[in-house]
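Enquirer: Structure incoming, see below.
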């Protein structure tokens with residue numbers, strides 16, 4: 001369903017020289033300047049996820065988790081390596097990124113839905129269902145720029161989950177909105193999982209990972225540290241983080 005083979009991702013940080021001396025030296029040492037500005041977010045990452053699996057992705061900040069999600073979902077192309085994805089993907093990354101802040105919630109449902117590939121007819125049929133799940137009935141004609149981040153995320157989640165995709169790419173989705181909505185979003189996720197949706201899920205919460213994932217991939221500094229059963233990998237990661 002999802003296969004990454006020796007995937008590496010390089011970014012150019014564009015770091016400015018910190019001193020006149022460094023600037024002067026870098027003018028005569030282009031190789032040194034180029035290497036300093038290069039950052040490898042992923043290094044030779046290889047893993048596969050089969051149909052119906054629910055796989056967690058854990059690691060410290062900057063480990064390469066979000067970069068991995070973006071590569072799998074097609075938002076980014078890797079510098080080297082290959083990516084194979086067999087199935088329709090619904091990426092829940094940076095919820096609300098496809099919204100226009102000047103437009104109302106009502107207008108953004110159709111805008112964001114069209115970006116996700118939904119037809120106008122489909123969105124009209126599902127409109128009431130989206131609004132009911134988002135709990136934003138009283139704010140439909142309010143511009144998104146006046147929404148809190150939680151309200152925006154709730155609306156985005158409600159649009160993204162209106163259909164059961166074959167593959168779900170999720171970044172900290174269970175932290176959306178207030179506690180009650182978090183529980184509701186978790187239940188929605190479980191419905192998708194029980195329906196056979198393949199899931200790649202990133203979270204800093206080991207409890208959230210343990211509650212839904214059957215297998216876990218642990219990344220650090222762009223490299224895979226461990227792949228295996230959820231409990232085993234989470235325990236190893238926890239001990240490492242606690243310095244045990």
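The values are calculated or read from the model by the stated rules, or taken from the named source; none is laboratory data. Owing to the predicted nature of the structure, the values given are computational and were not obtained by experimental measurement. Positions of Cβ are backbone-derived with ideal geometry, glycine not excepted, and every protein chain shown enters the neighbour counts.
Enquirer: Going by the conditions given, is residue 184 farther than 30 Å from residue 108 by Cα, in a helix (DSSP H, G or I) and in the same structural domain as residue 58 (by TED's automatic domain parsing)?
Expert: Considered against the rule, which asks whether it is farther than 30 Å from residue 108 by Cα, in a helix (DSSP H, G or I) and in the same structural domain as residue 58 (by TED's automatic domain parsing), residue 184 comes out as no.
Enquirer: Could you pull out the residue among 56, 74, 62 that is in contact with a strand residue (DSSP E or B) (Cβ under 6 Å, 6 or more places away or on another chain) and either surrounded by fewer than 16 Cβ atoms within 10 Å (Cβ to Cβ) or at pLDDT 95 or above (or both)?
Expert: Criteria check complete, one pass: 56.
Enquirer: Looking at this structure, is residue 147 over 17 Å from residue 92 (Cβ atoms) and surrounded by 12 or more Cβ atoms within 10 Å (Cβ to Cβ)?
Expert: yes
Enquirer: I've got another one for you. Does the stretch 77-105 hold any residues that are under 30 Å from residue 141 (Cβ atoms) and loosely packed, with under 14 Cβ neighbours inside 10 Å, and which are they?
Expert: 97, 100, 101, 102
Enquirer: Could you say which residue among 209, 217 is surrounded by 14 or more Cβ atoms within 10 Å (Cβ to Cβ), closer than 24 Å to residue 70 by Cα, assigned by TED's automatic domain parsing to the domain that holds residue 170 and modelled with pLDDT of 95 or more?
Expert: When all the criteria are applied, what remains is 217.
Enquirer: What number goes with the only condition from (1) outside the structural domain of residue 125 (by TED's automatic domain parsing); (2) in contact (Cβ under 8 Å) with a residue 24 or more places away in the chain; (3) surrounded by fewer than 19 Cβ atoms within 10 Å (Cβ to Cβ) that residue 242 does not pass?
Expert: Here residue 242 clears every test but (2).
Enquirer: Is one or more of the residues making up the stretch 199-210 in a helix (DSSP H, G or I), at negative phi and within 16 Å of the chain's Cα centre (by Cα)?
Expert: yes
Enquirer: Against the conditions (1) assigned by TED's automatic domain parsing to the domain that holds residue 219; (2) surrounded by 14 or more Cβ atoms within 10 Å (Cβ to Cβ); (3) more than 18 Å from the chain's Cα centre (by Cα), where does residue 108 fall short? Just the number, please.
Expert: Unmet for residue 108, out of (1) assigned by TED's automatic domain parsing to the domain that holds residue 219; (2) surrounded by 14 or more Cβ atoms within 10 Å (Cβ to Cβ); (3) more than 18 Å from the chain's Cα centre (by Cα): (1).
Enquirer: On to the next question. Please pick out the residue among 227, 144, 167, 193 that is over 20 Å from the mean Cα position of the chain (by Cα) and touching a residue at least 40 places away in the same chain (Cβ under 8 Å).
Expert: 144
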